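First comes the structure, then the notes that go with it.
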Amino acid sequence: MVTLYQRGGPATGMPTRTEQGDLLFAIRAGHSETPRLVLASGDLVEAFYDAVQAFNYAERYQTVVVHLVDKALASTTCTVPPFDLEAIRIERGELFVPPADTDGRNGYKRFALTASGISPRALLGQPGGTHWLTGGEHTELGRVTEDPGVREQMMEKRARKMELALREIPREEKFKVYGDAEAPFTVMSWGSNKGAILEALQRLADDGLAARLVQVRLLWPFPADDLQPFLDSADPLVVVETNYSGQFAQLLRAQTGRASDYLVVKYNGRPISGEELYRALCAIARGCDERRLVLRNPWE
């Protein structure tokens, strides 16, 4: 499990300021098509429970999990309700059960080809659990191979893990909906923008304008099918991000075919405030001609 908290680049960039510039990096970094899960927390309470869940996902799906936060969350100090430690469950995933008559030479297949893509995992010291590990492509026994048929089988096996994750992970762990769930005015975002968006939506509600936030928490594999009903009913669809290029908006369009109607971005190193976002959403509600709104404040 990797925790990635984002700040402005390039290189040293703005090490004490926030940004959401690593989303596409977290999903695609690395050579070849290495499977991984990417999840993002929206506040400190979520960050605590998501850290536990990231470890659980890593063991359940036997793959890399990237837990995305950003400098705004990493440097935040606030009072939160006591964490419910009784609600935390540690999941070890599918474990290898050695045969009763094993002599330690039973040919344990650490990378067994399974329908789910998950191979039973031996714990250290288990009788019959001795196996090979390698950084190269491997057979079911872990031996290095470049056999084209085995390569295809192992690639397809690893891909099945992501398909399984999309099926198994509950909807509430993939995304959450706030505000008026039936409102067509839809704000879609991720990460620490959550607080500012909720404040802005409450102010819109006070003005008589119903709106909803769809906070996407599982960013890879992308929950396109689960989000489709909200995309179909969104009018307008507003994406809010703390980066220059709208990386989530790019991901959304690539995975669903739906482009945002408006993109609201901020990239001066400061987090989005509820006040400035409220003004931007009011402009959009009035039929703003600009499709890309940049939140600027030289006095921050």
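The values are calculated or read from the model by the stated rules, or taken from the named source; none is laboratory data. Quantities reported herein were computed from a predicted structural model and do not represent experimental measurements. A quick note on method: Cβ atoms are made from the backbone with ideal geometry, for glycine too, and the neighbour counts reach across all protein chains shown.
A few notes on this one:
- A single member of 100, 112 is more than 32 Å from the chain's Cα centre (by Cα), farther than 30 Å from residue 247 by Cα and among the aliphatic types (A, V, I, L, M), and it is 100.
- Boolean, residue 224 is touching a residue at least 40 places away in the same chain (Cβ under 8 Å), closer than 20 Å to residue 181 by Cα, out of contact with any strand residue (DSSP E or B) (no Cβ under 9 Å at 6 or more places or on another chain) and surrounded by fewer than 20 Cβ atoms within 10 Å (Cβ to Cβ): no
- Of 265, 238, all but one fail to be in the same structural domain as residue 222 (by TED's automatic domain parsing), under 19 Å from residue 203 (Cβ atoms), at pLDDT 95 or above and surrounded by 20 or more Cβ atoms within 10 Å (Cβ to Cβ); the exception is 238.
- Of the strands (runs of 3 or more DSSP E) lying entirely inside the stretch 1-87, those carrying at least 1 residues that are under 24 Å from residue 172 (Cβ atoms) are 2-8, 36-40, 64-70.
- Test: residue in the stretch 3-13 that is touching a Lys or Arg at 6+ places or on another chain (Cβ under 9 Å) and on the phi > 0 side of the Ramachandran plot: yes
- Residue identified as farther than 20 Å from residue 294 by Cβ, of a type in the set (A, V, I, L, M), out of contact with any Asp or Glu (no Cβ under 9 Å at 6 or more places or on another chain) and not assigned by TED's automatic domain parsing to the domain that holds residue 10 among 252, 198, 218: 198
- Filtered by the rule that a residue be in contact with a Pro (Cβ under 7 Å, 6 or more places away or on another chain) and surrounded by 21 or more Cβ atoms within 10 Å (Cβ to Cβ), the stretch 51-76 gives a lone residue, 72.
- Residues located in the stretch 1-21, provided they are under 30 Å from residue 62 (Cα atoms) and crowded, with 20+ Cβ neighbours inside 10 Å: 6, 7, 19, 20, 21
Every residue, every condition in (1) among the charged types (D, E, K, R); (2) in contact with a strand residue (DSSP E or B) (Cβ under 9 Å, 6 or more places away or on another chain); (3) modelled with pLDDT of 95 or more, yes or no:
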| position | (1), (2), (3) |
| --- | --- |
| 229 | no, no, yes |
| 243 | no, yes, yes |
| 261 | yes, yes, yes |
| 280 | no, yes, yes |
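- Close contacts from the stretch 19-35, counting a first residue that is of a type in the set (A, V, I, L, M) and a second that is surrounded by fewer than 17 Cβ atoms within 10 Å (Cβ to Cβ) and modelled with pLDDT of 90 or more, with Cβ to Cβ under 6 Å and a gap of 6+ residues or different chains, come to 26/4.
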